[in-house]
Amino acid sequence: MAELVEIPSTDPERFRSVVPAERFEEFLRGSEEARRLLAGRVVWNVNSTARGGGVVELLRPLLGYARGVGVDTRWLAIEGNPEFFETTKRIHNRLHGSDGDGGPLDDRARSIYESVLAKNAAAISELVRNDDVVIVHDPQPAGLVPALRARGTPVIWRCHIGVDEPNELVREAWAFLLPYLADADAYVFSRDAFVWDGLERDRVSVIAPTIDVFTPKNQELGPEIVEAILRTAGLIGTGGRPGRVTFERHDGIESRVRRRAQLVEDLPLRGEDPLVLQLSRWDALKDPLGVIQGFAEHVPVATGAHLVYAGPAVEAVADDPEGKEMLRRAIAARERLPEDIRSRVHLAALPMDDLDENAIIVNALQRHARVVTQKSVAEGFGLTVAEAMWKARPVVASRIGGIQDQIVDGESGVLLDDPHDLAAFGAAITELLNDPRWAERMGRAAHERVRDRFLSLRSLLDYLELIRKVLQVD
C-alpha cells in the first residue's frame, strides 16, 4: 500500500557559507552524535503524499541532509481512496476551526479511516523493525500509531497544523484522533499554543518548521534567469518563449524548465508590471476569494499592480479533494469583476509533473514579486512566508499561527490583525507598493530573520534531541 519515496542524500557542508561559524560547528557535533545514536536503526517518516503542500516541502530537504550526515532515514507515503481523503480533509478543516464540507466525523467516517490505515499498517509493518524510529506526520496517518507501538517500535507523532484558540470543531477533530495517539512516545507541534488538551505535556516538544535555502525553491536566481523562467512557464510576456532555460536540481544535476502553467487571465502579465503574489493551495483556509476581492476593491488601479494567485495543478494533489472546487470558485469570482480590474487579476495552476521544476517556477515568481501575501484564515506555520522572506520580499500576512512567529510586524513584514479585513489588507499592499524604500528595508530585515531562526540545521538538531529523549539515551 505505502509508497517508498526516493530521498537523494545531500551534503550539509553547503551551509558553512550561510550560517555563522559557531552555529555550523554545533551542527557538526550534533551530526557525530546522531551517527552514534542511530547506528543500525532506520528513522522512518510517514505522511499522506509525496507531492504538494508544506509537509512535503519540509520533509524532502530535512531527510536529504540527515542522509548526508550518515543517518539512515526513509520516507513512506500512505495510499488511500477518495473516501479516505474526503474524511481526512474533513479532519484537517476542523483542526483549523472550519467545518469544510460539513460532513460528519461519525462511525462511518471512522470505519473508512481505520480500514485504509489498517491496509497501510500491514504493508509498513513488513518494512519497519522494532528498534527503528517512526515519525508519523499529521492527521492522515495518525491511525497507524497503535499498530506500530503494539510491536514495540518507538513512534513520534508530528502535527504541522493547529489554531491558537480552538473552537468546538477543533475539539471534535481532537476527539476523533486522540484514541489513536494515546500510546505515541512523543508529540511535536509547531508552536506551544497548538498543543492539544488531553496529551501528556511531558511527552510534548515544540519544533518550528524550517526551510532549505539551497533547494530549487530557494536557491539564488538573478533577474535575467527569473524572467526567462517566468516566460518559459507562460507567466509573463507575449514575445514568444526564450531559448533553453536551465536550473540546478537539489542533487546538483542541471535540468530544463519545460512545462507551462495553466492560466486564467485576460492578457499576459508584462515583465514591468508590479506584481502582488500569493502562492497557496486552492484551499478555503488560504482564502483565495478574499485575496481576489481585497486586491480588486482596495489596491488602486493607479499603483499599476497586478495580482497573481498561484497554486498547484489540482489534479496533482491527491490528498486535497476540495482543490478543484475552490479553483472553480476562484475563476468565477474573477469573472464577476469589472473588466478593467479583472485584467489585473491572474490565476495560475502551476505544473506538478516535476517537483523541482515546480519549485524553480515558484522561486522565480517570489523573486519577481514586489509584495508577497499570505492572507490565510488559518495556518499551521506557513512555509511560503519564510521562503518569501528569505528572498527579501516584503510580506503582508495574517497574524495567525506560526506566521506571527516569523514576522516582526512593521520590521520584517506586515501582520494583519483580522484576516477578513479586506480594506486593511489592500492598504498594507498599497503602502508597500508606494514606498519602495520601506519595502526594501523590510525585505532585508526579513532575510536576516530567516537566516537566524528558520534554516534546516536548526530542525535537525531539534529532532536529534527529541529522538535521544524517546530512546532514553543520556
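The values are calculated or read from the model by the stated rules, or taken from the named source; none is laboratory data. None of these values were measured; they are calculated from a predicted model. Positions of Cβ are generated from backbone atoms using ideal geometry, with glycine treated the same way; all protein chains shown enter the neighbour counts. Calculation scope for accessible area: heavy atoms of the full protein, side chains included, ligands and nucleic acids excluded. Shrake-Rupley method; radii C 1.70, N 1.55, O 1.52, S 1.80 Å.
Things to note:
- Within segment 129-149, the set of residues being in a helix (DSSP H, G or I) and among the hydrophobic types (A, V, I, L, M, F, W, C) comprises Ala142, Leu144, Val145, Ala147, Leu148.
- Tally of residues being in contact (Cβ under 8 Å) with a residue 40 or more places away in the chain, in a helix (DSSP H, G or I) and more than 17 Å from Asn81 (Cβ to Cβ) across segment 106-128: 1
- Within segment 411-448, being surrounded by 15 or more Cβ atoms within 10 Å (Cβ to Cβ) and either touching a Pro at 6+ places or on another chain (Cβ under 6 Å) or farther than 27 Å from Thr210 by Cα (or both) holds for Asp421, Leu422, Ala424, Gly426, Ala427, Thr430, Glu431, Leu432, Leu433, Ala439, Met442, Gly443.
- Residues within segment 337-357 that are of a type outside the set (Ser, Thr, Tyr) and either out of contact with any helix residue (DSSP H, G or I) (no Cβ under 7 Å at 6 or more places or on another chain) or open to solvent by 40 Å² or more (accessible area, probe 1.4 Å) (or both), tallied: 12
- Filtered residues of segment 7-43 (kept if loosely packed, with under 12 Cβ neighbours inside 10 Å and in contact (Cβ under 8 Å) with a residue 40 or more places away in the chain): Gly40
- Condition check for Ala423: of a type outside the set (S, T, N, Q) and touching a His at 6+ places or on another chain (Cβ under 9 Å): yes
- Leading residue by the ranking (modelled with the lowest pLDDT) among those in segment 148-161 that are open to solvent by 10 Å² or more (accessible area, probe 1.4 Å) and under 18 Å from the mean Cα position of the chain (by Cα): Ile161
- Test: residue in segment 175-184 that is surrounded by 18 or more Cβ atoms within 10 Å (Cβ to Cβ) and more than 18 Å from Arg94 (Cα to Cα): yes
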